[in-house]
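First the structure, in the form of structure tokens, and then the observations on it.
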Amino acid sequence: AMCHGSGHVQRAVRSILGQVMTTATCPSCGGFGTEIPNPCNECGGEGRVRSRRSLTVKIPAGVSTGTRIQLAGQGEAGTAGGPTGDLYVEIRVAAHTTFSRDGDNLHATLSVPMTAAALGTELTFETFDGEQTITLKPGTQSGDVMTLPHLGVARLRGAGRGDLLVHINVEVPTKLDTEQEELLRQLAKLRGEHVAEGKLVGTGGGMFAKLRDKFGNL
């Protein structure tokens, strides 16, 4: 090689300060100090070839989109027998059809019939931890939130889990048969609501305030 085994060559360069000696990588050996007269046709003398392989990656609980996992020694092979680099896997968390995530907390909406919300009931639903049962008190309103502690996302750095927040949505019937309509008219009369009167409520209370308090800082 031009460098006589050193891997670099010196050159004289003229500048305003006069002649200056500079050091550069040897162009004939690429800095290795030796040349391969008959390089391998497959790797071109680099000592590595491109291939595909499958890896199993252990994903810890609590990861979020943007989390990077480092796999030491699983990256690209070094040239001429050099050390292998690392592989970085960046996580992208897919959205769930039922639960939404807010940090370590999970949110879900539970729709209940108007009659169940008025009379109170027990409801069972599926979570990541199996079936859970909550008790609705009589007079439950749309926008009420019930917190199930420690059923959220595991904390990536730290112990414990977040909470599961269940948002109640009271369903108002859209189709009534004659008998159902008459029963509701009788109920409205018993409650003095046969003549409907709407009320404007301030932002200090009511369903919108509950939603604002829960989601205003998201």
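Here are a few things to note about the model shown:
- Per-residue accessible area (protein heavy atoms, 1.4 Å probe) orders VAL112, VAL20 as VAL20, VAL112, starting from the largest.
- Residue of GLY160, GLY73, GLY33 that the Gaussian network model of the chain assigns the largest fluctuation, springs spanning Cα pairs under 10 Å: GLY33
- Taking the accessible area of the chain, probe 1.4 Å, and keeping the other protein chains in place, the carbon and sulfur fraction comes to 52%.
- Where labels lie 7 Å past Cα in the beta-carbon direction, separation of ILE134 and LYS58 in nm: 3.5
- For GLY7, the amide hydrogen comes within under 5 Å of the amide hydrogens of GLY33, counting only partners 5 or more places away or on other chains and with H modelled in the peptide plane.
- Cβ-Cβ distance of GLN186 and ARG155, R₀ of 45 Å, FRET efficiency by 1/(1 + (r/R0)^6): the value works out to about 0.25.
- Springs between Cα atoms under 10 Å define the GNM used for the chain, and in it the highest mean-square fluctuation of GLU131, GLU179, GLU35 occurs at GLU179.
- Once the chain from ILE16 to THR34 is taken as fully extended at 0.36 nm per residue, the excess over their C-alpha distance is 3.0 nm.
- Expected 222 nm ellipticity per residue - DSSP helices of 4 or more, -39500 (n - 2.57), all of the chain, to 500: -3500 deg cm²/dmol
- Accessible surface calculations at 1.4 Å, restricted to protein heavy atoms, place the stretch 99-195 at 66 Å² per residue.
- Among [x] 19.0; [y] 17.3; [z] 25.2, the entry derived from the coordinates for Kirkwood radius over Cα pairs in Å: [z]
- Under 5 Å, built H, 5+ apart or other chain: amide partners of SER142: VAL170
- Comparing ASP163, ASP144, ASP177 in a Gaussian network model of the chain where C-alpha atoms under 10 Å apart are linked, the largest mean-square fluctuation is found at ASP177.
- Distant-in-sequence amide H partners of ASP102 (H built 1.01 Å from N, under 5 Å): HIS107
- Kirkwood hydrodynamic radius computed over the stretch 99-195 comes to 15.5 Å, based on all pairs of distinct alpha carbons.
The values are calculated or read from the model by the stated rules, or taken from the named source; none is laboratory data. This structure is a prediction, so every number in the text was calculated from the model and none was measured. A quick note on method: Cβ atoms are made from the backbone with ideal geometry, for glycine too, and the neighbour counts reach across all protein chains shown. For the accessible areas, the whole protein counts, side chains as well, though only heavy atoms, and no ligand, DNA or RNA atoms are used. Shrake-Rupley method; radii C 1.70, N 1.55, O 1.52, S 1.80 Å.
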